[in-house]
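Laboratory data are not the source of any read-out in this text; all were calculated from the coordinates shown. Fair warning: this is a prediction, and the values are worked out from it, not measured in the lab. Positions of Cβ are generated from backbone atoms using ideal geometry, with glycine treated the same way; all protein chains shown enter the neighbour counts.
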């Protein structure tokens with residue numbers, strides 16, 4: 001099959017399209033997809049079921065397109081980066097000169113949580129630079145909260161309107177200066193923790209969480225939380241500043257655990273989203289392992305130190 005590039009666009013691009021109706025969504029996405037198909041470029045789409053159905057009905061021949069269900073693809077930011085990277089590597093190895101990706105990350109407007117996805121949108125500006133990939137992220141301005149739209153402007157160099165007009169985002173921030181959205185406190189954190197202690201070993205924290213979490217979440221979720229807690233406590237001992245404090249909150253259907261130390265925490269804005277450049281001895285490797293699990297992970301800096309918060313089970317009500 002002949003491969004692109006179409007419209008003279010070769011290399012790595014990361015753009016955002018803003019729309020306010022299905023008609024505007026169509027005006028943005030159909031030309032993008034059809035031009036890629038015409039050029040023989042791999043086109044990868046990741047949307048919810050409703051938008052997937054619309055795309056099948058709008059495209060004269062959708063068979064060349066790779067449709068990815070958003071629920072699996074966008075499970076966590078780090079896993080989405082890894083999944084896309086595997087696809088990009090496969091297409092480049094097969095001879096693709098240009099690849100197109102378009103999708104919609106989770107946020108409250110589409111029934112998800114945006115926590116961590118602003119860091120994802122920032123990260124792909126650099127982690128995919130070596131690939132000839134044109135990423136086109138579409139956001140519905142009628143449903144996406146303002147905090148999400150604000151992050152869109154700060155993580156995409158170019159913003160595209162339904163008319164096709166492109167403009168540079170005056171608020172774009174390079175990865176070195178990007179300010180992530182601060183994690184909102186979990187409702188459980190408003191109450192005294194079920195357990196609070198200074199562990200002597202990571203195993204102490206694992207045992208406490210295993211005891212408290214039994215029968216509150218699925219076995220898979222509990223195992224993910226136990227792995228993450230162990231990695232996080234180990235990182236705090238090795239790279240943080242004592243004392244290390246573990247707190248655990250429990251509800252009938254979910255768990256929250258935090259690990260706090262008095263150090264400054266990681267400074268790498270990509271920490272946890274990509275494999276650590278420092279190898280097996282770096283704090284970033286444990287964070288990356290933790291971010292690969294099917295749980296919520298938040299990195300929180302404050303005046304008194306650094307906290308990694310882990311959450312699993314039902315979403316906060």
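How large is Rg/Rh for segment 117-274, to two decimals, with Cα atoms and a Kirkwood Rh?
1.06
Expressed to the nearest 5 percent, the antiparallel share of DSSP beta bridges inside segment 13-168 is 10 percent. Annotation: the antiparallel percentage among DSSP beta bridges lying fully within the chain is about 55.
Residues considered: 80, 165, 208. Largest GNM mean-square fluctuation over the chain, using C-alpha springs under 10 Å, is found at 165.
Counting neighbouring Cβ atoms within 10 Å and putting the fewest first, the residues 262, 137, 122 line up as 262, 137, 122. Here the spin labels are modelled as points 7 Å beyond Cα on the Cα-Cβ line, and at residue 262 and residue 203 they lie 2.7 nm apart.
Comparing 92, 274, 105 in a Gaussian network model of the chain where C-alpha atoms under 10 Å apart are linked, the largest mean-square fluctuation is found at 92.
Residues 134, 128 in ascending order of nearby Cβ atoms (within 10 Å, fewest first): 128, 134. The separation of segment 101-134 from segment 224-276, counted between C-alpha centres, amounts to 23 Å.
Size descriptors for the chain, from the alpha-carbon set: Rg then Dmax equal 20.9, 63 Å.
Between the helical axis of 219-239 and the longest alpha-carbon principal axis of the chain there is an angle of about 70 degrees. Ranked by how many other Cβ atoms sit within 10 Å of their own Cβ, fewest first, the residues 184, 41, 115 fall in the order 184, 115, 41. Taking 43, 147, 126 in turn, the Gaussian network model of the chain (Cα-Cα springs below 10 Å) assigns the largest fluctuation to 147.
Extent along the principal axes, Cα only, for segment 187-313: 38, 28, 26 Å, with the longest axis given first.
Relative to the dominant Cα principal axis of the chain, helix 49-58 is inclined by about 10°. Taking the C-alpha atoms only, the angle from helix 146-155 to the longest principal axis of the chain is near 70 degrees.
At R0 = 25 Å, how high is the FRET efficiency between residue 169 and residue 147 if r is their beta carbon distance? Nearest 0.05 is fine. Efficiency, from the Cβ-Cβ distance: 0.95.
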